[in-house]
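Here's the structure, in structure tokens; my notes come after.
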């Protein structure tokens, strides 16, 4: 046993006492067998009764059709009558044809059977017909007998014609049909078995390829093997394409994870190193008793900046963990104009430091949307932070609350470098940043968190066109409209 196979073997054999192949084949064969069995019961059971009924009708019709010929032949002698009797026997497949006028005298006028052969059913049928001068039909387990009266010209003596058909004829037909049905059933079961084995083997071979790739991915990671290409239009083909899509997603997530680890180590190490150096310098100055107040204030400002960076990163990671844990959000009316003013006040000092003006375009009236006030405020903070990060000095960041169709919207428009067309969706992915960051730090989580929060609130966050208003980026937060009780839009 090789080292490579030893960890896979238990996984392959665990709980697999009866594989999929025999189960599918048995299911196909049982289905075919049950279908053929039901068909046999539905066909063969009533077949003999239907054949007997059809034989009675045919025998009666044949006897009535032959009656005029016998009525004309009787005056001419027994030879012609016997010839017609044998002809009727051959035509109908009857076992016996009898013509007579006095049934009990021991000798028939014409009889296709051997002389002296008794037949109780024929005698009884002829007696009844001669007595009633009507057609008689007698059916028993041994066969069917039809007797018709003959009106012979020139004589008052009653004559009768009896045609006898045994049950062996119908039984022979049923046996023949049964034999043909059994042969067809055996052939059908054989074909079902062969086709079932072929289909199941092909299906399981394709599934085995997918299973092998899945095991390798689980043991060695998404770069272990490429998912097999399966262009079939069935469910297994869909599974193969889904696995390829999953593997692509795993590649993307793995790349994002590696980028996150690299970014996190850099983003966390840089402020921590700076903080450590600042505190070490301050400690030395205090220990040596040569503290320079202006220098200490500068070092404290630098430390505060690094603490702000750490706080920002920690907030992003905390928001991300809350989103992944699917914590519930409130749903209540939120006035976007007032919320915009409150959040903008938090960024006023930062905007002044960067020589950027924050302009809130007031709506014509209150702008109400539905959402969690804290989550909506967090989205607006993300948008303003992003805008101030890229807005050049001397420009204006515009915040525009309002209505658009059936949505309450809040736009944040900056005059920065904008977002290339190829990155319009990339910037909303976790741990992905655009190419126009200009060296700005960060995990690339802000816009991803903002979009996920907006979608959980029943709205959306998108990068919209600037509509010819110059360079920059225009982000639009859309929320469902919900007016407070007693207010109007």
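The number of residues in segment 75-88 that are within 15 Å of residue 162 (Cα to Cα) and either modelled with pLDDT under 85 or buried (at least 18 other Cβ atoms within 10 Å of the Cβ) (or both) comes to 5. Picking from residues in segment 353-397 that are touching a helix residue (DSSP H, G or I) at 6+ places or on another chain (Cβ under 7 Å) and assigned to a loop (DSSP other than H, G, I, E, B), the one that is nearest to residue 480 (Cα to Cα) is 367.
Taking residue 341 as the residue in question, decide whether it is within 28 Å of residue 396 (Cα to Cα), modelled with pLDDT of 90 or more and part of a helix (DSSP H, G or I).
Yes, satisfied.
Check segment 463-479 and report whether any residue there is modelled with pLDDT of 80 or more and part of a loop (DSSP other than H, G, I, E, B). Yes, the conditions are met somewhere in segment 463-479. Restricting attention to segment 101-123, the residues being more than 18 Å from residue 158 (Cβ to Cβ), at pLDDT 75 or above and in a loop (DSSP other than H, G, I, E, B) number 3.
The values are calculated or read from the model by the stated rules, or taken from the named source; none is laboratory data. Source: prediction; values computed, not measured. Cβ atoms come from the backbone with ideal geometry, glycine included; neighbour counts cover every protein chain shown.
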